[in-house]
Amino acid sequence: MSKRKIETPARAPRPRQGRGRQRQRLIDACISALHIYGPSRTTVEKVVAIAKMSPGIVRFYFDSKAAMLVASLQYLAAEFEEQVLVPVSKLKERPVAALELMVNLYLDPDIASPRKVSVWYAFWGEASSRQEYYDICGQKDESFAILVRELIGRLIEDTAQPHLDSDAVALGLIGVLEILWQDFAFQNEENIDRARAKRRAMAYLRSVFPGRFSPTPDSGSAGGARDREAASGVGAAGAGTFAAARPFASWVYEDSRAFAMEREALFKRAPQIVGHESELAGPGDFLTADTGAERVLVVRDAAGSVHALRNSCPDWPHALVTARSGRFAQGIECPMHGLAFGLDGAQTNARSRADRGDRADLSALDLKVLDGWLIVRSATSADAPPSLAGWLEARPPQDLRPLGVGLDTDVAADWKLLVELMLETAPLEGAPAGTAEMLAWSCARAGHGAGWSSRRYRSLAGPAAKATWRVRFMLPNQLLESRPDGLSIWQAIPNDAGRSRLWRLDYTYCASATGARAMQYLAARVCPRGRRSVIAVAESVQQAVVRFGYRATSAHPAPEGVRWFRAQLLARMPALALNRPPADQ
């Protein structure tokens, strides 16, 4: 092996506790000697010459040359654990941030200098004949591989891509990083382009998880987080420029795999507003809803507590209740199978339990009551639903009266198309403010309109007509519109691949039922997202993208809200960025 220029580390490695400076100085010199000469040609004389120490000092710290070599390798292994494995492990709950940090640290000059990398590979060459070398190197590689597999597995679960094999994806990433290390081992530091190396490693991750990783991880985990926010269209201040996410490929709007993926990654975890607590005035009062992931039955029991239950018979999964609202006289029943349940979902008829040999209670769902709103999701989560503070301005929600279901229609189009049309027809005035879960904006739609509907609305609203209309969109499918007369909750609910349901709940501040209906009708005309013509557009677009493969052109970019929506979906389900379904890749 030819002599190479001795490289000194950018900063001296931190001495481990209980070791003196001289011992650490010898270890540093030994690493440099190993880099230049390799294990077999490294001698005590060469080490002390680099350390500028006397040969006798070596015997004070190490029994032999072999002990000094092992100590040097142990030092590198401990450094790798402290500076790579430990900080990355602390981010296990955030696999994207953890993997970005891992790439940065693994290719950092403090860990992956030519001097240190060449020592690792030199010892691997000796591992077959020295068990202690093999143990140290193998333990380091095994710990790293376990961590990578765990992070990849979590990310596959988070992005709902069960077709991916975590072991294979992890092995690919480890292979990319090892190849980059090998390249470092045969170069001088001034010839290494570390930024390019990191880009190449991240390119592998982005190819497997498109839309999930930032394009420039060079600034570390904090910078990576900022890049992820920018890629998703969410700035630190929560406003402004949204990503120019392109339209999805046609398969995304009709494929059963996309439907299942969205149900698992979005709708099972998403908090859905199913009604208001005022609609459950007394014991036995109930509401039903469809969240896209569950049939929901919300009921108030005799003690006044509210329960969210799965509206499904335990024997056969048919709906126990089909009406939107009503009151149970005694309890919840399934006459077909002879089952009876209390208002808390517990099975009550002992005969049926004896016949079945078990107890078939109704499954409880996650329920939160925020400012009176009943918010349900099928997957229990420690995360709080997005705050609705400011949605109703100064009006207390207790002043609201339910008007019931204002719209309930099946649509021969994918739910995402309905959402995009909602956001496209929404009256944006100025830049909307966005977070990772919600997009919000204000407008004065009726106050500025010159048409008959706007004029009539202002006439009926009186002084309140000057109040600002507030609109919020909550991922994945709910648009909340607060107006002077009341509010509406629009929901695009997936029914099947390429089919959905448009649902609207209406509430009013008006004392008169006639006036409430009139103002709600006028408000719907001012903001026509529920008109039959809009639904017809959604169905026509569905046919265009599925039957003919049409896609929107870049000459007419989508509105900011639509781009935000697409970017958020891609961040959660990178497979939607593919041109073909995952199984066809």
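The values are calculated or read from the model by the stated rules, or taken from the named source; none is laboratory data. None of the values given here were measured: they were computed from a predicted structure. Because the Cβ atoms are built from the backbone with ideal geometry, glycine has one as well, and the counts that use them run over all protein chains shown.
Of the residues examined, Ser113 is not one that is out of contact with any helix residue (DSSP H, G or I) (no Cβ under 6 Å at 6 or more places or on another chain), under 20 Å from Cys30 (Cβ atoms) and modelled with pLDDT under 80.
Taking first residues from the range 298-319 that are farther than 14 Å from Phe286 by Cβ and partners that are polar (S, T, N, Q) and surrounded by fewer than 17 Cβ atoms within 10 Å (Cβ to Cβ), the Cβ contacts under 8 Å between residues at least 6 apart in sequence or on separate chains come to Ser312/Ser363. Would it be correct to say that Arg517 is under 19 Å from Asp410 (Cβ atoms) and either at pLDDT 90 or above or out of contact with any Lys or Arg (no Cβ under 7 Å at 6 or more places or on another chain) (or both)? Considered against the rule, which asks whether it is under 19 Å from Asp410 (Cβ atoms) and either at pLDDT 90 or above or out of contact with any Lys or Arg (no Cβ under 7 Å at 6 or more places or on another chain) (or both), Arg517 comes out as no.
Conditions tested, residue by residue: (1) in a loop (DSSP other than H, G, I, E, B); (2) at pLDDT 80 or above; (3) in the same structural domain as Ala265 (by TED's automatic domain parsing).
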site: Leu343; (1), (2), (3): yes, yes, no
site: Arg353; (1), (2), (3): no, no, no
site: Asp358; (1), (2), (3): yes, no, no
site: Gly390; (1), (2), (3): yes, no, yes
site: Glu393; (1), (2), (3): yes, no, yes
site: Leu407; (1), (2), (3): no, yes, yes
site: Leu418; (1), (2), (3): no, yes, yes
site: Leu421; (1), (2), (3): no, yes, yes
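For the range 72-79, the count of residues that are at pLDDT below 80 and among the aromatic types (Phe, Trp, Tyr) is zero. Is at least one residue of the range 426-448 at pLDDT 85 or above and not in a strand (DSSP E or B)? Taking every residue of the range 426-448 in turn, none turns out to be at pLDDT 85 or above and not in a strand (DSSP E or B). For the range 34-62, what are the residues that are at pLDDT below 80 and over 54 Å from the mean Cα position of the chain (by Cα)? Correct list: Ser54, Pro55, Gly56, Ile57, Val58, Arg59, Phe60. Only a single criterion out of (1) within 16 Å of Trp441 (Cα to Cα); (2) in a helix (DSSP H, G or I) is not satisfied by Ala523, namely (1). Against the numbered list (1) over 22 Å from the mean Cα position of the chain (by Cα); (2) surrounded by fewer than 21 Cβ atoms within 10 Å (Cβ to Cβ); (3) at pLDDT below 90; (4) not hydroxyl-bearing (Ser, Thr, Tyr), Pro283 comes up short only at (3).
Just one residue in the set Ser118, Ser89, Ser54 is hydroxyl-bearing (Ser, Thr, Tyr) and buried (at least 17 other Cβ atoms within 10 Å of the Cβ); that residue is Ser118. Is there a residue being in a loop (DSSP other than H, G, I, E, B), over 19 Å from Ile489 (Cβ atoms) and at pLDDT below 95 anywhere in the range 365-376? No - not one qualifying residue is present in the range 365-376. The number of residues in the range 520-574 being farther than 30 Å from Thr508 by Cα, among the hydroxyl-bearing types (Ser, Thr, Tyr) and either modelled with pLDDT of 80 or more or in contact with a helix residue (DSSP H, G or I) (Cβ under 9 Å, 6 or more places away or on another chain) (or both) comes to 2.
Quick one: in the range 500-520, of everything that is in a helix (DSSP H, G or I) and in contact with a strand residue (DSSP E or B) (Cβ under 6 Å, 6 or more places away or on another chain), which residue is surrounded by the fewest Cβ atoms within 10 Å (Cβ to Cβ)? If we take residues in the range 500-520 being in a helix (DSSP H, G or I) and in contact with a strand residue (DSSP E or B) (Cβ under 6 Å, 6 or more places away or on another chain), then Ala516 is surrounded by the fewest Cβ atoms within 10 Å (Cβ to Cβ). Being more than 30 Å from Met573 (Cα to Cα), in a strand (DSSP E or B), outside the structural domain of Gly404 (by TED's automatic domain parsing) and touching a residue at least 60 places away in the same chain (Cβ under 8 Å), is that true of even one residue in the range 329-339? No - not one qualifying residue is present in the range 329-339. Of all residues in the range 174-227, those satisfying the criterion of being modelled with pLDDT under 75 and part of a helix (DSSP H, G or I) are Ala185, Gly220, Ser221, Ala222, Gly223, Gly224, Ala225, Arg226, Asp227.
Any residue that is surrounded by fewer than 18 Cβ atoms within 10 Å (Cβ to Cβ) and not basic (Lys, Arg) - is there at least one of those in the range 473-492? Scanning the range 473-492, I find no residue that is surrounded by fewer than 18 Cβ atoms within 10 Å (Cβ to Cβ) and not basic (Lys, Arg), so the answer is no.
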